[in-house]
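**Q** Please see the structure below; I have some questions.
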Amino acid sequence: MLSFIYYLNKPIDSPKIIYISKGSISKIITQMQNNNYDVSKIDALLLRVIGSPQSGWINIGSTCNTRGDFLYKLATAKAALQNVTLIPGETTYIFLDQLAEELKLDRNILQSEYELQSQYPEGVFVPDTYSIPIGISEKLVIKILLNESLSNMKKLSMKAFGIYNEKKWLQIVTIASIIQKESANIEEMPLVSSVIYNRLRLGMKLQMDGTLNYGKYSHIKVTPTRIKEDTSIYNTYLHGGIPELPVCNVSVDAIKAAIFPANTDYLYFVKSKNGTHEFTRNYSTHLTNIMRVTK
């Protein structure tokens, strides 16, 4: 009896937020052991008496508990969730600002964790509404978002191409990010995509303002001065081809447009007074359109 009481009062360290997989108590214990939690078959037996943990995220409240408290919290605790929405076309820089504000996390640590865990500085998150456990760490939230996004990206690639080729997919997402920034609506996306491919085929520079809405400049109006002074890889007035990396995080619709552009001969477009764009193949017509919309 004394040894049993001693066992239940031994301290056990763990994160505040724990993910419990679906399955039997034995499967849950095995999963926790694989994730380096100090649990054993004895704990599986105790949980059968206390109760089976609910699958999903749970908040056990503290990082150090007695084993008895830890097992009780496993069986009874739940995690409060908060929805965070990443809007299509938003940059990761702005999204990290949003995560820090809405989840009360450290912005600098989020940035450091993102740089440690992500191979690319932009375009790796899938815009969606994510249910995030309140109290989660900066490291874990980045891990969750990256893993879920990569899984979704691979599914999209498999559906479109039958394979996931990282280099090819990065190029698709990069083109999709330009489409996302330039299009007024989903219906325009295949048309914008056609302009990109038509200009690339003819060796023309893209010269699209949206590529300069990268990073912290996501919502900053692009001026002639900015076009002249920005020497980044994103300046498609300065550099030919598409940028080496995506400009922003992209929607499924933008990805579809990047894979399936409309069949047009358009080379130019300009935003009209109603917010949509007017497309044309001829530069003279394009100049006329510019004059009309700027009156």
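The values are calculated or read from the model by the stated rules, or taken from the named source; none is laboratory data. Because the structure is predicted, anything quoted here is derived from the model rather than measured. Here the Cβ positions follow ideal geometry from the backbone for every residue, glycine too, while neighbour counts run over all protein chains shown.
**Q** Please work out which residue is nearest to the chain's Cα centre (by Cα), limiting yourself to segment 243-273 and to residues that are among the β-branched types (Val, Ile, Thr) and either surrounded by 22 or more Cβ atoms within 10 Å (Cβ to Cβ) or closer than 24 Å to VAL293 by Cβ (or both).
**A** Keep residues of segment 243-273 that are among the β-branched types (Val, Ile, Thr), which gives 247, 250, 252, 255, 259, 264, 270.
With either surrounded by 22 or more Cβ atoms within 10 Å (Cβ to Cβ) or closer than 24 Å to VAL293 by Cβ (or both) added as a condition, the list becomes 247, 250, 255, 264, 270.
Details: VAL247: 13, VAL250: 8, ILE255: 14, THR264: 31, VAL270: 29 Å.
Among those residues, the one meeting the criterion is VAL250.
**Q** When segment 238-265 is examined, which residues are found to be among the hydroxyl-bearing types (Ser, Thr, Tyr) and either closer than 16 Å to TYR197 by Cα or in contact with a Gly (Cβ under 7 Å, 6 or more places away or on another chain) (or both)?
**A** The one that is among the hydroxyl-bearing types (Ser, Thr, Tyr) and either closer than 16 Å to TYR197 by Cα or in contact with a Gly (Cβ under 7 Å, 6 or more places away or on another chain) (or both): THR264.
**Q** Okay, moving on. What is the number of the single condition among (1) farther than 30 Å from LEU81 by Cα; (2) at pLDDT 95 or above; (3) of a type outside the set (A, V, I, L, M, F, W, C) that LYS159 does not meet?
**A** Failing condition for LYS159: (2).
**Q** Answer yes or no: is there a residue in segment 186-208 that is of a type in the set (Val, Ile, Thr) and surrounded by fewer than 17 Cβ atoms within 10 Å (Cβ to Cβ). Explain how you work it out, then say what you get.
**A** So in segment 186-208, the residues of a type in the set (Val, Ile, Thr) come out as 186, 192, 195-196.
With the extra rule that they be surrounded by fewer than 17 Cβ atoms within 10 Å (Cβ to Cβ), the set shrinks to 186.
Yes, some residue in segment 186-208 is of a type in the set (Val, Ile, Thr) and surrounded by fewer than 17 Cβ atoms within 10 Å (Cβ to Cβ).
**Q** Looking only at segment 225-241, count how many residues are on the phi > 0 side of the Ramachandran plot and part of a helix (DSSP H, G or I).
**A** 0
Conditions (1) more than 15 Å from ILE179 (Cα to Cα); (2) charged (D, E, K, R), marked per residue:
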{"site": "ASP253", "(1), (2)": "no, yes"}
{"site": "ALA258", "(1), (2)": "no, no"}
{"site": "THR264", "(1), (2)": "yes, no"}
{"site": "LEU267", "(1), (2)": "no, no"}
{"site": "LYS271", "(1), (2)": "no, yes"}
{"site": "ASN274", "(1), (2)": "yes, no"}
{"site": "ARG281", "(1), (2)": "yes, yes"}
{"site": "ILE290", "(1), (2)": "yes, no"}
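**Q** Right, next: Assuming ASN65 fulfils every condition listed in (1) more than 23 Å from ASN249 (Cα to Cα); (2) polar (S, T, N, Q); (3) assigned to a helix (DSSP H, G or I) apart from one, which condition is it?
**A** (3)
Yes/no matrix, rows are residues, columns are (1) β-branched (Val, Ile, Thr); (2) surrounded by fewer than 14 Cβ atoms within 10 Å (Cβ to Cβ):
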position	(1), (2)
LYS104	no, yes
GLN117	no, no
GLU122	no, no
TYR164	no, no
THR174	yes, no
ALA184	no, no
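Here is a yes/no grid of residues against (1) touching a residue at least 60 places away in the same chain (Cβ under 8 Å); (2) among the charged types (D, E, K, R); (3) assigned to a loop (DSSP other than H, G, I, E, B):
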position	(1), (2), (3)
PRO246	yes, no, yes
ASP253	yes, yes, no
ALA257	yes, no, no
PRO261	yes, no, yes
THR264	yes, no, yes
GLU278	no, yes, no
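**Q** Here's another thing I want to ask about it. Assuming GLY68 fulfils every condition listed in (1) modelled with pLDDT of 95 or more; (2) not assigned by TED's automatic domain parsing to the domain that holds ILE220 apart from one, which condition is it?
**A** For GLY68, the exception is condition (1).
**Q** Using the structure shown, decide if TYR93 is aromatic (Phe, Trp, Tyr), more than 30 Å from GLY215 (Cβ to Cβ), touching a helix residue (DSSP H, G or I) at 6+ places or on another chain (Cβ under 8 Å) and surrounded by 13 or more Cβ atoms within 10 Å (Cβ to Cβ).
**A** Here the answer is no, as TYR93 does not meet what is asked.
**Q** Only one residue in ILE227, ILE233, ILE172 is outside the structural domain of LYS155 (by TED's automatic domain parsing), over 15 Å from GLU122 (Cβ atoms) and hydrophobic (A, V, I, L, M, F, W, C), so which one is that? Can you show your working first?
**A** On the way: ILE233 fails: over 15 Å from GLU122 (Cβ atoms); ILE172 fails: over 15 Å from GLU122 (Cβ atoms).
Selected residue: ILE227, the only one of ILE227, ILE233, ILE172 that is outside the structural domain of LYS155 (by TED's automatic domain parsing), over 15 Å from GLU122 (Cβ atoms) and hydrophobic (A, V, I, L, M, F, W, C).
**Q** To continue, here is another question. Restricting attention to segment 9-49, which residues are surrounded by fewer than 16 Cβ atoms within 10 Å (Cβ to Cβ) and touching a residue at least 40 places away in the same chain (Cβ under 8 Å)?
**A** If the condition is that a residue be surrounded by fewer than 16 Cβ atoms within 10 Å (Cβ to Cβ) and touching a residue at least 40 places away in the same chain (Cβ under 8 Å), then ASN9, LYS10, PRO11, ASP13 are the ones that fit.
**Q** Turning to a different aspect of this structure: Might you check whether a residue that is in a loop (DSSP other than H, G, I, E, B), farther than 30 Å from LEU86 by Cα and in contact (Cβ under 8 Å) with a residue 24 or more places away in the chain occurs anywhere in segment 208-224?
**A** no
**Q** Which of the residues that make up segment 108-147 are in a helix (DSSP H, G or I), farther than 18 Å from PRO15 by Cα and of a type in the set (Asp, Glu)?
**A** GLU115
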